[in-house]
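Peer 1: So that we are looking at the same thing, I have put the structure below in structure tokens.
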Amino acid sequence: FLEKDVARAAYKGFCKTVMWPVFHNVDQLDHIHAAWNLHTTSSMSSNSSSTGSLNQQSERDPITGTLNNNPSSPDMNVENNNNKVIDWNKMEREYYQAYVAMNREFATVLFSIVGDDDVVWVHDYHLMLLPSFLRTPSDVNPSTKMKIIFFMHIPFPTSQIFRTLPVSTPLLQSMVCADLVGFHAFDHARHFLNATKRLLGIKSYTRTGGMITLLVQDREVVVTMNHVSIEPDKMDQALTHPDTLRMAAEWKAKYADKKIIVGVDICQRLSGGALKMAAFDKLLVDYNLGEKGAVVLIQRCIRQGSREQDEQTTSADMHKMVNEINNKFANNGSGAGGKSIVDYEEVSGLTLNDRVALWLAADVFLLTPIREGLNLMPLEYIYARKNLPAAGVVVVSEFSTCSSLLNGSLKVNPFAALQVADAMEKALSMSVKDMSYRRQRDLLFVSTHPSSQWTRNILSDLDLQVEAPPASSLPRNSSQHNGITGTNGITSSIAKSRSIKKYPDPLLPLDRILDAYNAAERNAGLCKTACRVMIFDYGGTLLNKEKYDIELKKTMSAISGRKPTEKVMEAIRVLSDDPNNIVMVVTGLTKLKMGDTFSEMKNVTLLTSIGLVYRWGKNIQPVESPFAIKPKKLQGSSSFAESVEIHQKVFSDFATKDPPTPAAHTHYKWEFLDNNIDWNAVSEIAMPIITRFTFRTNGTCQTPRIPGIGWSYFGSDPDWGEKQASQLKVELEAALAKFDVKVASLIQGSIEVVPSNLHKGLLVHKLFERVLAKRANRLPGFVMIIGDEESDDFMFEAFYEVVANAGPSSGLASMKAFTVAVSKRASPAHYYINSVQDVETLLHSLANANSTQPAAMDSVIDEVVTNF
């Protein structure tokens, strides 16, 4: 169903010419100038020279593949090389368009035959965009509920090499559209997980039972490593087939007086054929086996035609090296009777019978790829010799995937010719007992993991992939979809749920939330003041922080100065101006970093540094009236002013980089959570330790915290920075053990020394103290708390404690509450919402709700008393 031109450009163009080298960890620029691409690039440009013609193969280095047409003129091809890069970029774009078209066509065909309950299993990099097309709703695909498996059969490159693909991000985004992503080896999965972390900001975690999982918005994506082996039934048939036995006997008769080493590789440079020849030559010379004529290498190279230029250059190199080795030993016994010491042939393919015959005849199997996916031929060799007295030995490159599966093999670095030669000599002289022992270490795995078992394992992993664990941790009544309601026993259930985390339910339909929002005012009677309380986290809730993930180094920059969208800011302004609303915003950023974001919103209660420095909104200030309960005021230490001066002096270099406190802030009263801590003494102990870590960790710096001390590793390498932060945390905790402080991470990519009782829920308690004081100890009719991180869970738990401690006349029965996590994660929140964009839509709808009633009489009295 594919057009031939599209299929060819997608398969031979993008898949084999562009993707294949990158996924085998070949850098794009190296690939453009590699020997196997010289024909392609020169043919695309009319100005290109005949650099890649086969008549120059004699001057190609057989190991590195480099050409030296004129050693005296090393710069003669600079202009042509530049043309190659330009032509390559154009060619790559055209190939990618065909690749997209091919994947889209596959999706179109699948839409007509799959249903919601079906499982679509996508194999390998050729259809890497297919999961995204299947997951995207469209006119021809109204439903996207089918389960999708994507299994990668080739290696996955390092994130640095993978990023050289201009389309690396859409390819990776498509992979995580699947429900399960599979690999043959952990190395490949590890590179994939690192790429999702660095390119998409998606981190992995381990579920119970050891399953690695990615949380992609509201979906879990399982990442599995599952090994497949050979088909024992087919192997048994081949082992007894007359053709197999005849060919095996012919090989043994042909080389009756020699030890046989066998190798079968794809005719491509990364198969390591040149390295194999170099090591074999080393074996013949160093161990004098060439002179004795005691060994032969049967080498078959398979030319599939999928990478034609690579195959041509590799073939030329192999013929050159084989001829050199055979000519070197042509005058000794090895050449007698026309038999070469290297029996080399290029074939289009080998049947199973052909391969098994070679395995039965050979004493050693030699595999030396530079980079390779799962190669099953070494496993076939082990199984084929299961009943032979001499089990044979597998010598395998440590860069091959099967090296991690075969415990009995001899593992070598193919670039170390002497090491490979020593391993071959060891294999040739190994005792029967030792060979048998090595065979037994691998035979059980080889015999018991056919593709049918592998398929069942993958489908079993898919079954374990649960969209949402049962939401049974928090008891709900029959009215559970109204939020927290006032049925009997709800208070105790909330109290018990403080430490329980589960996967929350999707947020209710918007009209249900708006009904609860408006009902809070209608049912408030005369006491409408503070009848609605809304608490929002900042980064990741009101402000999209995806681009500023510590792992996304390409877009990393300072967070300071960024603000939520105008739509969000306007919604917050409208909601906070409503005399019946209390709005609180909580952030891990410092007061200086927040700048003037909420400076014009007098009724917004703003907590910076998660409550270390804060200001109360004007409409929640304590009422100076004998009729109001005055909440306990947070007090600072007597030496607080001195501590501030010390901090300002210590961080003078950094303070100049921050924006000055806006004039609009000056009319607010800012308070500090100090807990009578001697920050001077804390600084004297902590600063030398922090300075030492800053010196040895590039990209880190000390950061101002007034009060407190901070260290940012946001600009460092993410993995190295996290390791250093973990160690710094240990040292600071030990050094500051006598102080009432803790070492915590308030914002991403930093650690801070702060009061030990500091968390986001602390001031939530204080807020509700003031709300209850204004409302004569009656709970508000509408409560909404939204946060995205685990640190926001303290806000949810603080609210649950308030509810649990509410009295019988607190109005619990009429309260509607919504604790909401941004993105689905294990949380004490009752609901989740998908993204910051969804939060924006929700706030905009609340701001436009029909709740423009006149201010209640008690709020007017509060205003008059406050002004008086």
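The values are calculated or read from the model by the stated rules, or taken from the named source; none is laboratory data. What you are looking at is a predicted structure, and each value in this text was computed from that prediction instead of being measured. Note that each Cβ is placed from the backbone with ideal geometry, even for glycine, and that neighbours are counted across all protein chains shown. All accessible areas refer to the heavy atoms of the entire protein, side chains included, with ligands and DNA or RNA removed. Shrake-Rupley method; radii C 1.70, N 1.55, O 1.52, S 1.80 Å.
Peer 1: In segment 223-257, how many residues are assigned to a loop (DSSP other than H, G, I, E, B) and in contact (Cβ under 8 Å) with a residue 40 or more places away in the chain? Spell out how you get there, then give the answer.
Peer 2: Taking segment 223-257 first, the residues assigned to a loop (DSSP other than H, G, I, E, B) are 226-231, 240-241, 255-257.
Among the residues that remain, those that are also in contact (Cβ under 8 Å) with a residue 40 or more places away in the chain are: 226-231, 241, 255.
Within segment 223-257, residues that are assigned to a loop (DSSP other than H, G, I, E, B) and in contact (Cβ under 8 Å) with a residue 40 or more places away in the chain number 8.
Peer 1: Test L388 against the criterion of being over 21 Å from Q268 (Cα atoms), in a loop (DSSP other than H, G, I, E, B) and open to solvent by 30 Å² or more (accessible area, probe 1.4 Å), and give yes or no. Write out each step before concluding.
Peer 2: Numbers: over 21 Å from Q268 (Cα atoms): yes; in a loop (DSSP other than H, G, I, E, B): yes; open to solvent by 30 Å² or more (accessible area, probe 1.4 Å): yes.
Yes: the conditions hold for L388.
Peer 1: Now a separate question. Restricting the search to segment 344-357, which residues are open to solvent by 10 Å² or more (accessible area, probe 1.4 Å), farther than 19 Å from A316 by Cβ and in contact (Cβ under 8 Å) with a residue 12 or more places away in the chain?
Peer 2: Narrowing segment 344-357 to residues open to solvent by 10 Å² or more (accessible area, probe 1.4 Å): 344-355.
So of that shortlist, the ones also farther than 19 Å from A316 by Cβ come out as 349-355.
Scanning segment 344-357 gives G349, L350, L352, N353, D354, R355.
A quick yes/no check of all residues on (1) closer than 12 Å to G392 by Cα; (2) open to solvent by 20 Å² or more (accessible area, probe 1.4 Å); (3) small (G, A, S):
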| residue | (1), (2), (3) |
| --- | --- |
| A427 | yes, no, yes |
| S451 | no, yes, yes |
| N457 | no, yes, no |
| S460 | no, yes, yes |
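Peer 1: Take segment 174-216 and flag every residue that is out of contact with any Lys or Arg (no Cβ under 9 Å at 6 or more places or on another chain), small (G, A, S) and open to solvent by less than 40 Å² (accessible area, probe 1.4 Å).
Peer 2: Once the filter is applied, which keeps residues that are out of contact with any Lys or Arg (no Cβ under 9 Å at 6 or more places or on another chain), small (G, A, S) and open to solvent by less than 40 Å² (accessible area, probe 1.4 Å), segment 174-216 yields G182, A185, A189.
Peer 1: Among the helices (runs of 4 or more DSSP H) lying completely within segment 392-509, list those that include at least 1 residues that are at pLDDT 65 or above and of a type in the set (A, V, I, L, M, F, W, C). Reasoning before the result, please.
Peer 2: Values: elements: 417-428, 432-448, 451-464, 490-496.
By residue number, 417-428, 432-448, 451-464.
Peer 1: In this structure, is D422 over 32 Å from the mean Cα position of the chain (by Cα), within 22 Å of V295 (Cβ to Cβ) and in contact (Cβ under 8 Å) with a residue 60 or more places away in the chain?
Peer 2: Values: over 32 Å from the mean Cα position of the chain (by Cα): yes; within 22 Å of V295 (Cβ to Cβ): yes; in contact (Cβ under 8 Å) with a residue 60 or more places away in the chain: no.
No, not satisfied.
Condition check ((1) without any contact (Cβ under 8 Å) to a residue 40 or more places away in the chain; (2) more than 17 Å from V221 (Cβ to Cβ)) across all residues:
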{"residue": "G115", "(1), (2)": "yes, yes"}
{"residue": "V119", "(1), (2)": "no, no"}
{"residue": "M128", "(1), (2)": "no, no"}
{"residue": "R135", "(1), (2)": "no, no"}
{"residue": "M152", "(1), (2)": "no, no"}
{"residue": "S168", "(1), (2)": "yes, yes"}
{"residue": "L172", "(1), (2)": "yes, no"}
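Yes/no per residue for (1) in contact with a strand residue (DSSP E or B) (Cβ under 6 Å, 6 or more places away or on another chain); (2) farther than 30 Å from N581 by Cβ:
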| residue | (1), (2) |
| --- | --- |
| L728 | no, yes |
| I751 | yes, yes |
| H759 | no, no |
| I785 | yes, no |
| E790 | no, no |
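Peer 1: Going through segment 91-125 one residue at a time, which ones are open to solvent by 50 Å² or more (accessible area, probe 1.4 Å) and assigned to a loop (DSSP other than H, G, I, E, B)?
Peer 2: Passing the criteria: S112, I113, D116, D117, D118.
Peer 1: If you scan segment 274-293, which residues turn out to be of a type outside the set (A, V, I, L, M) and open to solvent by 10 Å² or more (accessible area, probe 1.4 Å)?
Peer 2: So in segment 274-293, the residues of a type outside the set (A, V, I, L, M) come out as 276, 280-282, 286-288, 290-293.
Scanning segment 274-293 gives D281, K282, D286, Y287, N288, E291, K292.
Peer 1: Next question. Taking D265, is it crowded, with 23+ Cβ neighbours inside 10 Å and either under 41 Å from the mean Cα position of the chain (by Cα) or free of Cβ contacts under 8 Å to residues at least 40 places away in the same chain (or both)? It would help to see each step written out before you state the result.
Peer 2: On the way: crowded, with 23+ Cβ neighbours inside 10 Å: yes; either under 41 Å from the mean Cα position of the chain (by Cα) or free of Cβ contacts under 8 Å to residues at least 40 places away in the same chain (or both): yes.
Spelling it out, D265 is indeed crowded, with 23+ Cβ neighbours inside 10 Å and either under 41 Å from the mean Cα position of the chain (by Cα) or free of Cβ contacts under 8 Å to residues at least 40 places away in the same chain (or both).
Each row is one residue, and each column tells you yes or no for (1) part of a loop (DSSP other than H, G, I, E, B); (2) closer than 26 Å to V432 by Cα; (3) touching a Lys or Arg at 6+ places or on another chain (Cβ under 8 Å).
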| site | (1), (2), (3) |
| --- | --- |
| F280 | no, yes, no |
| V296 | no, yes, yes |
| I325 | no, no, no |
| W359 | no, yes, yes |
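Peer 1: If you take the residues in segment 429-449 that are open to solvent by 60 Å² or more (accessible area, probe 1.4 Å) and in contact (Cβ under 8 Å) with a residue 40 or more places away in the chain, which one is farthest from S404 (Cα to Cα)?
Peer 2: V432
Peer 1: Go through segment 572-615 and report how many residues are aromatic (F, W, Y) and either outside any strand (DSSP E or B) or open to solvent by 10 Å² or more (accessible area, probe 1.4 Å) (or both). Steps first, answer last, please.
Peer 2: Taking segment 572-615 as the starting set, the residues that turn out to be aromatic (F, W, Y) are 598, 614.
Then drop every residue that is not either outside any strand (DSSP E or B) or open to solvent by 10 Å² or more (accessible area, probe 1.4 Å) (or both), which leaves 598.
Residues that pass the stated criteria total 1.
Peer 1: Is it true that S397 is touching a helix residue (DSSP H, G or I) at 6+ places or on another chain (Cβ under 7 Å) and under 19 Å from K426 (Cβ atoms)? I'd like the intermediate steps shown before the answer.
Peer 2: Values: touching a helix residue (DSSP H, G or I) at 6+ places or on another chain (Cβ under 7 Å): yes; under 19 Å from K426 (Cβ atoms): yes.
In short, yes.
Peer 1: Sticking with this one: Any chance you could count how many residues in segment 335-357 are under 18 Å from D257 (Cβ atoms) and in a helix (DSSP H, G or I)? Walk me through how you get there before you give the answer.
Peer 2: Taking segment 335-357 as the starting set, the residues that turn out to be under 18 Å from D257 (Cβ atoms) are 335-343.
With the extra rule that they be in a helix (DSSP H, G or I), the set shrinks to 335-338.
Looking only at that region, the number is 4.
Peer 1: Under 6 Å between Cβ atoms, which residue pairs at least 6 apart in sequence (or on different chains) link something in segment 779-798 that is more than 22 Å from D515 (Cβ to Cβ) with a partner that is open to solvent by 10 Å² or more (accessible area, probe 1.4 Å) and part of a loop (DSSP other than H, G, I, E, B)?
Peer 2: F794/H759; E797/R498
Peer 1: Restricted to segment 294-329, and to residues that are touching a Pro at 6+ places or on another chain (Cβ under 8 Å) and farther than 25 Å from L428 by Cα, which residue is most open to solvent (accessible area, probe 1.4 Å)?
Peer 2: Across segment 294-329, the extreme among qualifying residues is K320.
Peer 1: Which residue, of S750, S726, S756, is at pLDDT below 90 and touching a Ser or Thr at 6+ places or on another chain (Cβ under 7 Å)? Talk me through it step by step, then tell me what you get.
Peer 2: Details: S726 fails: touching a Ser or Thr at 6+ places or on another chain (Cβ under 7 Å); S756 fails: touching a Ser or Thr at 6+ places or on another chain (Cβ under 7 Å).
Step by step, each of S750, S726, S756 is checked, and only S750 is at pLDDT below 90 and touching a Ser or Thr at 6+ places or on another chain (Cβ under 7 Å).
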